[in-house]
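S.K.: Next up is a structure, given as structure tokens.
The values are calculated or read from the model by the stated rules, or taken from the named source; none is laboratory data. Since the structure is predicted, the reported quantities are computational estimates derived from the model, not experimental observations. Counting neighbours? That spans all protein chains shown, and the Cβs are built from the backbone with ideal geometry, glycine included. What goes into the accessible areas is simple: the full protein's heavy atoms, side chains included, and nothing from ligands, DNA or RNA. Shrake-Rupley method; radii C 1.70, N 1.55, O 1.52, S 1.80 Å.
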Amino acid sequence: MGNKLNISTRITLADGNSMPLFGLGVWAASPGKETYDATLYALKTGYRHIDTAEMYGNEKDVGNAIADSGIGRDEIFVTTKLWNSCLGHNHALESFDLSLKKMNLEYIDLYLIHWPEGESQIETWKALEIIKKRGKCKSIGVSNFAPKHLKEILYKASEKPVVNQIEISPFLQQKTISSFCRKEKIHLTGYCPLARGERLDNPILIQIARETNKNPAQIMIRWAIQNGNTVIPKSSRFKRIEENSNIFNFSLNKEQMKVLNALEEGLRFCPDPLKI
Ligand SMILES: NC(=O)c1ccc[n+]([C@@H]2O[C@H](COP(=O)([O-])OP(=O)(O)OC[C@H]3O[C@@H](n4cnc5c(N)ncnc54)[C@H](OP(=O)(O)O)[C@@H]3O)[C@@H](O)[C@H]2O)c1
């Protein structure tokens, strides 16, 4: 991938819809002013993809910021997720309607099952298929699914998930899940792309940042994009929101990618899907 990418570049998903490769995550942004301001600032900066979830408690603020941004709805890609306490067919339908209402939107771009809780996901997934058929959601997918969870859906459902959102950074590359998803044409979104700020002092990151005149966070985000994944770094600080998006005017060379690929150390902030 060259320098032709920009902040709103979209990738075509297996269902024919498209999704911006870059977006803002809002987990742990407090409901109210913090989420509203961060989302609005990101949209003004050029972000066209916001990743929220029912569990974050801030869908309403994301919706308000979208409405106040003045940007056309079709230019903005919104992801939200179904929480673990609302799994099952009817619960999922109800929870989706609530999310839509809270966000005051006519549709969601991507709706995900947040975690594969329990023995089977198929009844929940069928609800997502209905939501998509009703046109209330353009694409449906999953999050934190390992191959065994995905296989159940691939074998039993009529629609396949087009996205799997999992934790990915140079320090946790999730090769087993990634290669399965690539084979099945399930696009990956990587969360915790900055390893929550815990490795920004890594000497290799610092060295590559020096070579490219960027900072370590920008190197981690660019690494994700050059791997072909969608990436959703979170920040509530305006300066960082801007900085994190300033990654489209340079690229990492093959050697730098190779060195970053060697940083794997199993550093994980969320549960391992392979163990669920
Ligand atoms: N599907 C799932 O189960 C799941 C799980 C976790 C996360 N997610 C999604 O993925 C998004 C990103 O993951 P994350 O928020 O957990 O972690 P992250 O993006 O790796 O890191 C966010 C942390 O890094 C800080 N930060 C941001 N930019 C920085 C910079 N340029 N320099 C230094 N520090 C910086 C932020 O603080 P400030 O805000 O103070 O800048 C925040 O504390 C979430 O917001 C959420 O939307 C999904």
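S.K.: Explain nothing, just compute: Karplus ³J(HN,Hα) = 6.51 cos²θ - 1.76 cosθ + 1.60, θ = phi - 60°, for every residue of region 39-46 in order, whole Hz, x for Gly and Pro.
M.R.: Working through the residues one at a time gives 5, 5, 5, 4, 4, 5, 6, x Hz.
S.K.: Using the Cα centre of the chain as origin and beta-carbon charges of +1 (Lys, Arg) and -1 (Asp, Glu), tell me which of Gly190, Ser178, Leu87 is placed farthest towards the positive end of the dipole.
M.R.: Ser178
S.K.: So what are the chain's ellipsoid semi-axes, whole angstrom, largest first, if each one is the square root of 5 times an eigenvalue of the alpha-carbon gyration tensor? Before the final figure, lay out each step's value.
M.R.: On the way: eigenvalues 163, 101, 52 Å².
Values for the chain, descending: 29, 22, 16 Å.
S.K.: Now for a different question. When the helices in the chain are scored as -39500 (n - 2.57) per DSSP H run of 4 or longer and the sum is shared across all residues, what 222 nm value do you end up with, to the nearest 500 deg cm²/dmol?
M.R.: Working: 10 runs with 107 residues, N = 276.
Computed mean residue ellipticity for the chain: -11500 deg cm²/dmol.
S.K.: Amide H to amide H, which residues 5 or more places from Glu184 or on other chains are under 5 Å from it, using H placed in the peptide plane?
M.R.: Excluding prolines and chain starts, which carry no amide H, there are no hits.
S.K.: Same structure, new question: Build a GNM of the chain with springs between Cα atoms under 10 Å: which of Asp201, Asp51, Asp37 gets the top mean-square fluctuation?
M.R.: Asp201
S.K.: A follow-up question, please. Hey, could you get me the Stokes-Einstein D for region 107-195, Kirkwood radius over alpha-carbon pairs, 20 °C and 1.002 mPa s, rounded to whole µm² s⁻¹?
M.R.: Details: Rh = 13.3 Å.
For these conditions, the coefficient is 161 µm²/s.
S.K.: Still on this structure, please answer the following. Using r as the Cβ-Cβ distance of Ile206 and Lys44, and R0 as 35 Å, what FRET efficiency do you calculate, to the nearest 0.05?
M.R.: On the way: r = 30 Å, r/R0 = 0.87.
Efficiency computed from Cβ-Cβ geometry: 0.70.
S.K.: Plugging the Kirkwood radius over Cα pairs into Stokes-Einstein for region 182-272, at a temperature of 37 °C and a viscosity of 0.692 mPa s, what D comes out in µm²/s?
M.R.: Estimated via Stokes-Einstein, D reaches 237 µm²/s.
S.K.: Something else: Could you tell me what percent of the DSSP beta bridges with both partners in the chain are antiparallel, to the nearest 5?
M.R.: Details: 4 of 29 bridges.
Rounded to the nearest five, the antiparallel share is 15 percent.
S.K.: Sequence-distant or interchain residues sharing an amide H contact under 5 Å with Phe77, placed H: which?
M.R.: Sorted by chain and number, the residues that satisfy this are His49, Ile50.
S.K.: Still on this structure, please answer the following. Using Cα springs under 10 Å in a Gaussian network model of the chain, which residue among Glu59, Glu94, Glu123 shows the largest mean-square fluctuation?
M.R.: In this elastic network of the chain, the residue with the biggest mean-square fluctuation among Glu59, Glu94, Glu123 is Glu94.
S.K.: Under 5 Å between amide hydrogens, which residues at least 5 positions from Val26 or on another chain qualify, with H placed 1.01 Å from N in the peptide plane?
M.R.: Asp51
S.K.: Report the full-extension gain for the segment Glu94 to Ser179: residue separation times 0.36 nm, less the Cα-Cα distance, to one decimal in nm.
M.R.: 27.2 nm
S.K.: Please list, or write none, the lysines whose alpha carbon is within less than 22 Å of the alpha carbon of Lys175, excluding same-chain residues fewer than 8 places away.
M.R.: The reachable lysines, counting only those whose Cα sits under 22 Å from Lys175, are Lys148, Lys151, Lys160, Lys183, Lys185, Lys254, Lys258, Lys275.
S.K.: Excluding same-chain residues fewer than 8 positions from Lys138, which aspartates and glutamates have a Cα within less than 18 Å of its Cα?
M.R.: Asp15, Asp51, Glu54, Glu59, Asp74, Glu75, Glu94, Asp97, Glu106, Asp109, Glu129, Glu159
S.K.: On to the next question. State the Cα centre-to-centre distance between region 27-77 and region 224-253 in whole Å.
M.R.: When both Cα centres are located, 17 Å separates them.
S.K.: Nearest 5 is fine: what % of DSSP beta bridges in region 86-181 come out antiparallel, could you say? Before the final figure, lay out the partial values.
M.R.: Values: 1 of 8 bridges.
Of the beta bridges lying entirely in region 86-181, close to 10 percent run antiparallel.
S.K.: Counting heavy atoms of the protein chains only and a 1.4 Å probe, report the per residue accessible area for the chain as a whole number of Å².
M.R.: 43 Å²
S.K.: Would you please classify the overall shape of region 1-102 from the alpha carbon gyration tensor, given that a ≥ b ≥ c denote the square roots of the eigenvalues, rounded means a/c under 1.5, and beyond that prolate means a/b larger than b/c while oblate covers the rest?
M.R.: On the way: a/c = 2.07, a/b = 1.31, b/c = 1.59.
It comes out oblate by the Cα gyration axes.
S.K.: For a quick check, take a GNM of the chain with Cα springs below 10 Å and name the residue from Val259, Val26, Val162 with the largest mean-square fluctuation.
M.R.: Val259
S.K.: Follow-up. With r defined as the distance between the Cβ atoms of Phe250 and Glu34 and R0 fixed at 30 Å, what FRET efficiency is calculated, to the nearest 0.05? Can you show the working numbers first?
M.R.: On the way: r = 30 Å, r/R0 = 1.01.
It comes to 0.50.
S.K.: Also: Pop out the carbon and sulfur fraction of the accessible area of region 46-193 as a percent, whole number, probe 1.4 Å. Intermediate values should be presented prior to the final figure.
M.R.: Details: 2740 of 5670 Å².
For region 46-193, the apolar C and S fraction of the accessible surface comes to 48 percent.
S.K.: Within region 1-129, how many Lys pairs sit with Cα atoms under 25 Å apart, leaving out pairs fewer than 8 places apart on the same chain?
M.R.: Lysine pairs meeting both conditions in region 1-129 amount to 18.
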